[in-house]
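First the structure, in the form of structure tokens, and then the observations on it.
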Amino acid sequence: MATVVLFHSVYGLRSAVLEAAGRFREAGHAVVTPDLYDGEIAPTLDEGFELAQWIGWPSIADRARAAVRGLPPKTVLAGFAMGAGVAGGLLSERPEAAGALFLHGTGAVPSNVRPGLPMQMHVADPDVYATPREVAEWTKAAAGAQAEVFRYPGVGHLFTDTGLRDYNEAAAELVWERCIDFLSGMWG
């Protein structure tokens, strides 16, 4: 069983994140879904960016650090879009992380990434927030890790979010299947 911390997108802690956490729990994993916005939810992407800017990255990062403080060192760091950036930012501070899941965003790969660290990235193709250049840079930075990149052609940015126009059921189901296999493979 994996312990997973799953960070939300710029929209806030919406039902899509809770649904993903539920899928992981049904597969036998423990999941924590921190609310980096302290209850605020943005109805649109633009308002989400405004909210993130208003809260500020230092506060978001501090809230993320507080959320993982009591979790086991071998926790899987995961996130949706902006949350992938949060998860990537924590990798340098949590070198014993069991793995990393980047959903809808590249997230950062620190220079001290542990060799063989299991990592997956799931992004739309094309995706304005995960351009081919950014994916190539991520792949290069993750060269020492056990990193996989999955691109999903013809879908919108947050295609696993059932509450958004981008939602694509077939691609989303494939993401969840791959993520559950990824988590189960660590302890299988």
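The values are calculated or read from the model by the stated rules, or taken from the named source; none is laboratory data. Here the structure is a predicted model, which means the values were calculated and not measured. Because the Cβ atoms are built from the backbone with ideal geometry, glycine has one as well, and the counts that use them run over all protein chains shown. Calculation scope for accessible area: heavy atoms of the full protein, side chains included, ligands and nucleic acids excluded. Shrake-Rupley method; radii C 1.70, N 1.55, O 1.52, S 1.80 Å.
Placing unit charges on the Cβ atoms of the charged side chains and taking the dipole of region 106-188 about its Cα centre, the candidate lying farthest along the positive direction among Thr160, Gly144, Ile180 is Gly144.
Note on region 84-152: Cα-only Rg and Dmax are 10.9, 32 Å. Once C-alpha pairs closer than 8 Å and six or more residues apart are averaged by separation and normalised to the residue number of the chain, the relative contact order reads 19 percent. With viscosity 1.306 mPa s and temperature 10 °C, the Kirkwood radius over alpha carbon pairs of the chain converts through Stokes-Einstein to a diffusion coefficient of 98 µm²/s. Highest-first packing order for the peptide set 78-86, 105-113 is 78-86, 105-113, based on the mean count of other beta carbon atoms within 10 Å. Counting only protein heavy atoms and a 1.4 Å probe, the chain has 46 square angstrom of accessible area per residue.
Adding -39500 (n - 2.57) for every DSSP H run of four residues or longer, then dividing by how many residues the chain holds, sets the calculated 222 nm ellipticity at -12500 deg cm²/dmol.
Estimate the FRET efficiency between Glu50 and Leu18 by the formula 1/(1 + (r/R0)^6), using the beta-carbon distance for r and 25 Å for R0, to the nearest 0.05. Here the calculated transfer efficiency is 0.60. Roughly speaking, what is the centre-to-centre gap between region 125-175 and region 38-78 when only Cα atoms are used, to the nearest Å? First find each Cα centre; the distance between them is then 20 Å. Note on surface exposure: Asp161, Asp181 rank Asp181, Asp161 by accessible area, highest first, 1.4 Å probe.
Just so you know, the averaged projected area of the alpha carbon convex hull for region 11-56 sits at 3.3 nm². Can you give me the relative contact order of region 130-188 as a percent, contacts being Cα pairs under 8 Å and 6 or more apart? Computed over region 130-188, the figure is 17 percent. Summarised in one figure, the compactness ratio Rg/Rh of region 7-86, Cα atoms and Kirkwood Rh, is 0.97. 3J(HN,Hα) along region 70-87, derived from phi through the Karplus expression 6.51 cos²θ - 1.76 cosθ + 1.60 where θ = phi - 60°, amounts to x, 7, x, x, 8, 5, 7, 8, 9, x, 9, 6, 4, x, 5, x, 5, 4 Hz, with x in place of Gly and Pro. When Met186, Met1 are compared by accessible surface with a 1.4 Å probe, the order from highest to lowest is Met1, Met186.
In region 74-121, if every C-alpha pair distance is counted and binned at 10 Å from zero, what percent goes to each bin? The calculated distribution, bin by bin, is 34, 60, 6.
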